[in-house]
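Visitor: So that we are looking at the same thing, I have put the structure below in C-alpha cells.
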Amino acid sequence: MVKQTKRFIPAGVTKLDEQVARVDTNANTVHLASGEELMYDQLVIATGTSPRPSETPGLEGPEYGRTVHDFYTLEGATNLRDALANFTGGKLVVNLIELPIKCPVAPLEFTFLAESFFAERGMRDQVEITYVTPLEGAFTKPVASKELGDMLDSRKIALEADFYLERVDADEKKLVSYDEREVDYDLLVTVPLNFGADFVAESGLGDELNHVNVDHYTFLANGTDNVFAVGDAANLPTSKAGSVAHFAIDVFTENFLDHIEGRPMTHAFDGHANCYIESGHGKAMLIDFNYTTQPLKGKFPVPGVGPFSLLEETEMNHFGKMMFKWIYWNILLPGKDLPLPAAMSMAGKIEVDA
Amino acid sequence: MAVTTIAGADIHVDDDGFMTEYDEWSEDLAGELARAIGIELTDAHWKVITFLREDYKEQGETATLRRVTTAGGIPTKELFQLFPKKPARKMAYVSGLPKPVGCV
Ligand SMILES: Cc1cc2nc3c(=O)[nH]c(=O)nc-3n(C[C@H](O)[C@H](O)[C@H](O)COP(=O)(O)OP(=O)(O)OC[C@H]3O[C@@H](n4cnc5c(N)ncnc54)[C@H](O)[C@@H]3O)c2cc1C
C-alpha cells in the first residue's frame, strides 16, 4: 500500500516537499510555509481534501482511536483494524457526518466489509450494525439508494437516515443530532468532515469547506484566468474519487494545452465517475455515472475483460477491483493509457424515467 | 416538469413539487408553500428565505445547510427548529428554489 513517491515523478518535474501557505492570484505568486515564493504563469491546484475531526464537537478526545474511529488516515485505519480484531460484540455504528467526502461510497463499503468480517468470524449475531447518514437513504441518487438500501436490509443492517450530527458524546457513547435524536454505540466508525487545504480559504479561492470554486467543465477557478483546480481540491458536483480525477485529467490536459496557447478551451468534463463498492463475501458492485446520469443498473463493457455488472454484487466485480490494484500502480499512476474513454457511455445501462 | 396552481398563480414544479423558475416565486407564494408543509412563516423564517434567494441569485445553486450557517450566519440548530426534520429540502421548497443536489 505504501510506496516511495520518487519513482512516480517524471523527469523534468521538480518536486518540492513544502507546504503551500497562500496563493496571491493578483501577483501570480505561491507563498510557501518556509517563506519561499514561487512565481507562476499557470497554476494547477491539486491539494485534495482531508478529514478534519476537530470540526465536530466531541469527536476528538481520549476515546479517539479506542471506541471512536475513522479509517481515512493510515493511523486511523491501523487503530480500527486492531479494534475490530478485539471487538467481542455489541453495537457497531458507522456514521457519515456530511457530504462531500472523498470516496462517498467508502462508509457503505466499510459497513458491508465489516458485516462480512463478523460473519466469517462466526459472531455476526453478536454485532448490531447501524448505518447513520444525513442523507434520506443509503445513498444520494434514487436508483443506487434503493439498491444499496436493499443490501443493508438483506444483511440486517439498520439504516438511520436524515441524521445530521451535532456532536458525539464519547463518555456516554452516543451520537446526538441537531434535532436531538440519539444513537448509542459501543464502537463508532465515522467519516469526519472533509476540508480542502487552508491556503485555499486564505487565498480567497474556496467555498465553506475550502474546496476551490471552479468552472465545472474546465476547472478554471472563478475570477481567474490562469488558476485551475483538479481532483478532490475542486468543488465539482460529482464524487471526490480517484476515478473522477483520472477522467477529468484527460479532458483537462487537452484544454490546458489550448489555454496556454491562447486558444479557447473546447472540451467539457461530464463529471464521469466509476467506483467499485466491495460488498463483502468475495463480491463487489460497480457504479458508473456523471453530472447528469445517476448510477444505473445494467452492464459496464470493458474491452478484453468485461463486462462488469452495474449495481449488482458479483464475484467478477470483486475480481475487477483486485486487478485494479496492479493497474493503479503500473498504468494509471505513471500516466499510461487505460482503454477507458473519459466521457461516460450509456452502452449497457438500463435507463429509468428521471 | 409540470405546471400547478398555487395562490392563484401558475408555477412550474419538478416531480417533487420544487419550483423550477426563480422568477415565478413571490412572498405570497412562500406563505402558501410553507402552509402546505405545516409551517407558519415568522421573521426568523424570512431571514432564511431572504438569504437563500439572494445567495441563489449570486451562486446559481441552492445553498447547503452549512452555507446558510457559515455565510448566512444562522445556526444549524435553529434551521432544524424552523424547518423540522429535513431543513435543507424544506427551506429550498418554501424559497422557490431547486431541490438541493445531494452531492454524489
Ligand atoms: C478510504 C478511502 C478509499 C477510497 N477509495 C477509492 C476508490 O475505491 N476509488 C476511487 O476512485 N477513489 C477512492 N478514494 C478517493 C481517492 O483517494 C481520492 O479521490 C484521490 O486521491 C484524489 O486525488 P487528488 O490528487 O485530488 O488528491 P490527494 O490524493 O488527496 O492528493 C493531494 C496532495 O496534496 C497535498 N497537500 C495538501 N495540502 C497541501 C499544502 N498546503 N501544500 C502542499 N501540499 C499539500 C497532500 O499532502 C496530498 O499529497 C478513496 C479515498 C479514501 C480516503
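Values quoted throughout were computed directly from the atomic coordinates according to the rules given, and no laboratory measurement underlies them. Everything numeric here is computed off the predicted structure, so don't read it as measured data. Glycine also receives a Cβ, built like all others from the backbone with ideal geometry; neighbour counts cover every protein chain displayed.
Visitor: Per the Kirkwood treatment, what hydrodynamic radius in Å, one decimal, follows for region A:151-264 from the mean inverse distance over all distinct Cα pairs?
Guide: Answer for region A:151-264: a Kirkwood hydrodynamic radius of 17.3 Å.
Visitor: Something else: Using alpha carbons only, what's the Rg to Rh ratio of region A:78-159 with Rh from Kirkwood?
Guide: 0.97
Visitor: Where Rh is the Kirkwood radius over the Cα pairs of the protein assembly as shown, the temperature 10 °C and the viscosity 1.306 mPa s, what D in µm²/s does Stokes-Einstein return?
Guide: Translational D for this selection: 66 µm²/s.
Visitor: OK, next. Let me know the whole percent of all Cα-Cα pairs from region A:233-354 that are separated by more than 26 Å.
Guide: Tail fraction, whole percent: 23.
Visitor: Right, another one. Restricting to the protein assembly as shown, what percent of DSSP beta bridges are antiparallel, rounded to 5?
Guide: The antiparallel proportion sits near 60 percent.
Visitor: Order these by the 10 Å Cβ neighbour count, fewest first: B:90, A:146, A:174.
Guide: A:146, A:174, B:90
Visitor: Still on this structure: Give the order of A:191, A:13 when sorted by the count of other beta carbons within 10 angstrom, beginning with the fewest.
Guide: So the residues, fewest neighbours to most, are A:13, A:191.
Visitor: Considering only the other residues whose Cβ falls under 14 Å of the Cβ of residue B:14, what net charge follows from Lys and Arg at +1 and Asp and Glu at -1?
Guide: -3
Visitor: Quick one: which of A:3/A:297; A:240/B:85; A:174/B:77; A:283/A:325; A:146/A:321; A:240/A:336 span more than 25 angstrom between C-alpha atoms?
Guide: A:3/A:297; A:240/B:85
Visitor: For region B:22-95, just say rounded, prolate or oblate: build the C-alpha gyration tensor, square-root its eigenvalues into a ≥ b ≥ c, call rounded for a/c under 1.5, and beyond that prolate if a/b exceeds b/c, oblate if not.
Guide: Note, shape of region B:22-95 comes out oblate.
Visitor: Could I ask something else about it? Treating only the Cβ atoms of Lys and Arg (+1) and Asp and Glu (-1) as charged, compute the dipole magnitude of chain A about its Cα centre; round to the nearest 20 debye.
Guide: Using Cβ point charges on Lys, Arg, Asp and Glu, chain A gives about 1340 debye.
Visitor: Cα to Cα, under 18 Å, and not fewer than 8 places away if on the same chain: which lysines meet these conditions relative to residue B:57?
Guide: Output for residue B:57: B:47, B:99.
Visitor: I'd like the distance separating the alpha-carbon centroids of region A:184-200 and region A:115-180, in whole Å.
Guide: So the separation of the two Cα centres works out to 16 Å.
Visitor: Just from the alpha-carbon atoms, what are the Rg and Dmax of region A:273-332 in angstroms?
Guide: 11.4, 32
Visitor: Positive end of the dipole of region A:305-354, charges at C-beta (+1 Lys, Arg; -1 Asp, Glu), about the Cα centre: which of A:322, A:310, A:335 has its Cα farthest in that direction?
Guide: Sorting the options by dipole projection puts first A:335.
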